[in-house]
1. Once Lys and Arg get +1 and Asp and Glu get -1 on their Cβ, which of Ala450, Tyr608, Gly378 lies farthest toward the positive end of the dipole of the chain?
2. Can you tell me the order of 388-395, 544-551 when each peptide is scored by its average per-residue count of other Cβ atoms within 10 angstrom, highest first?
3. Expressed as a whole percentage, what fraction of the accessible surface of the range 579-629 belongs to carbon and sulfur atoms when a 1.4 Å probe is rolled over the protein heavy atoms?
4. First obtain the Kirkwood hydrodynamic radius of the range 507-547 from its Cα pairs, then insert it into the Stokes-Einstein equation at 20 °C and 1.002 mPa s, and state the resulting D in µm² per second as a whole number.
5. Quick one: which residues, 5 or more positions from Thr533 or on another chain, have an amide H under 5 Å from its amide H? H modelled 1.01 Å from N in the peptide plane, none for Pro or chain starts.
6. Note down the accessible area of Phe363, probe 1.4 Å, to the nearest 10 Å².
7. Need one word for the range 78-180: rounded, prolate or oblate. Basis is the Cα gyration tensor (sqrt eigenvalues a ≥ b ≥ c); a/c below 1.5 gives rounded, then a/b vs b/c decides.
8. Amide H to amide H under 5 Å from Ile566: which residues, 5+ apart in sequence or cross-chain, H placed 1.01 Å off N in plane?
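The values are calculated or read from the model by the stated rules, or taken from the named source; none is laboratory data. Remember, it's a predicted structure, so these values are computed and weren't measured experimentally. In this analysis, Cβ positions are derived from the backbone assuming ideal geometry, glycine residues included, and neighbour counts consider all displayed protein chains. Heavy atoms of the whole protein, side chains included, go into the accessibility calculation; ligands, DNA and RNA do not. Shrake-Rupley method; radii C 1.70, N 1.55, O 1.52, S 1.80 Å.
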Amino acid sequence: MTVSKTPLLDTIETPDDLRALGREKLGALAIELRQETIDVVSVTGGHLGAGLGVVELTVALHRVFDTPRDKIIWDVGHQAYPHKILTGRRARMRSLRQGGGISGFTKRAESIYDSFGAAHSSTSISAGLGFAAARDLDKADYHVVAVIGDGAMSAGMAYEAMNNAGAMGARLIVILNDNDMSIAPPVGAMSAYLARLVSGRTYRGLRYFFKRIMKRWPRLFRVTAQRAEEFARGMAMGGTLFEELGFYYIGPIDGHNLDHLIPVLENVRAMDTGPVLIHVVTNKGKGYAPAEASADKYHGVGKFNVLTGEQKKGGSLPSYTKVFADALIAEAEADEKVVAITAAMPSGTGLDLFAERFPHRCFDVGIAEQHGVTFAAGLAVEGYKPFAAIYSTFLQRGYDQVVHDVAVQSLPVRFAIDRAGLVGADGPTHAGSFDITYLATLPGFVVMAAGDETELVHMVATARAIDDRPSAFRYPRGEGMGLAYPKRGTPLEIGKGRFLREGTSVAILNFGARLKECLLAADKFSTYGLSATVADARFAKPLDTDLVRRLAREHEVLLTIEEGAIGGFGAHVLHFLSWDGILDRGLKVRTMVLPDRFLDQDTPERMYEIAGLDAKAIVAAGLSALGRDGEAAAVIA
């Protein structure tokens, strides 16, 4: 008779259950956890490779530390799926990144085990230091562990935090998850032995003993001995940079070997002074052959077949990102001064295609948007035509540089703003909600938004031709409308919009990728006996005042539509109308923007419905403005 064996993962509801397991069972648990992660992401899509790389580390952290009393802060959150499975959310994991489901990132409102919300990278050390400072002010006693990836270490914020932590002498544990660094020394039994030795009580006790003795020595001898000890450890183990920042460096150790990880973590847990950095080397995509063989290690994937790794294909239309890449390549073929910049997102922005064609004219600055913006400014000063292709949400990180290093100097840096508007499964942290507002407020900036893929091609050409001031053009995630578009665009007249449909009752003034919904709304207005005009502004700045004035004078209602927050395009239209005096004549205006709240992940279509920016909401707004509230309510019911 065969007795069925209950999977270990079925016995884990919280980390308390994990800590109750025999240590000899942890390896088997890690195998099950890795397979569960693969199974989940195959159904939902998401970030797979990073999570597979930290399975053993996740098990070890929750084994050694008393979570949630001890705080584990995950950087970015891409690698947090195994953590979510072990912290009471396994049953809901197949709702990952879905409407009403589990977030793709750590989220404080979701679980007490998510100590800090994350989505943008390089924040964990800063947040961890804040936790540690609060703990010490409260005279409390718990551990703070910040996990950060090697890619995130390319951001200056990480080093600012480490410099601060070292100067404070804070009791903070930083784990550097290194899955791509070429500077790492060989990892093996000797490295593990040394890591365990220098993190152990005996070595640290002797080190403390000799430090006390050295206090009686002349300063020159004391400093020389201290440097000699640090140099010797640096030669044997690496980590000299981190030591210089004030961290006690341990590593590198094999991040997939629990027999190496757990003893070191236990030793570090026993330390009671100063910041410590544990250098853990892992393999992104570990344990899943298709991910290990993939160039991007399955960093971000759609739904896929677990057996083959084959991802389900999207639609048949080109994405806006691909349209942009092709248009930029065409401009670069005609103008050798065109260069491109990405902040660690070459494939996400389409610049991997540009780099294949022009490898010496494409620059990946790493996760360093601030540097990338000012780097582009330097190129512009020297007569080059830089296109900084950065997601809207990530450009926020370089805003000070956009203002002072680009706008104040009126430098012709071109910002290609991908992922404008709502982005679906990635949720509020990745939504491009604010760029219209934060760019259109800057003097001299040209701010454009593509209503369709043809317009995007023309806007790339327009930006290339603007040589006396900064410019930006925004476009959404996903596929275009299916329109034919030229290989190379024709520069648009700056500050001039276009009419797509002429009517008499309601004017719909679009800015951006809601154009298709605006046209649908115009059709729906006709069923209510109303004739609608649809115009595409193209420019939020400079505003086409002639177009706005005509719409205002010839229609009873003016609706402005944009995929951005309050204070953007609609605000600029209202500002003009108020000073032009047109509002004094009884024009009814409704500015339709994203709601004043962060919207959780869902399908983009559903998110725009919730936001009130679909065709039904446009029609309802027009009817309401005309006093036909009953009909308006029926439209959206």
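1. Farthest towards the positive end: Gly378.
2. By packing density, highest mean first, the sequence is 388-395, 544-551.
3. 48
4. Estimated via Stokes-Einstein, D reaches 197 µm²/s.
5. Gly503, Thr504, Ser505, Val506, Ala507, Ile508
6. Spelled out: Phe363, probe radius 1.4 Å, area about 70 Å².
7. Oblate, since a/c reaches 1.5 and b/c is not below a/b.
8. Under 5 Å from the amide H of Ile566 lie the amide H atoms of Leu594, each far enough along the sequence or on another chain.
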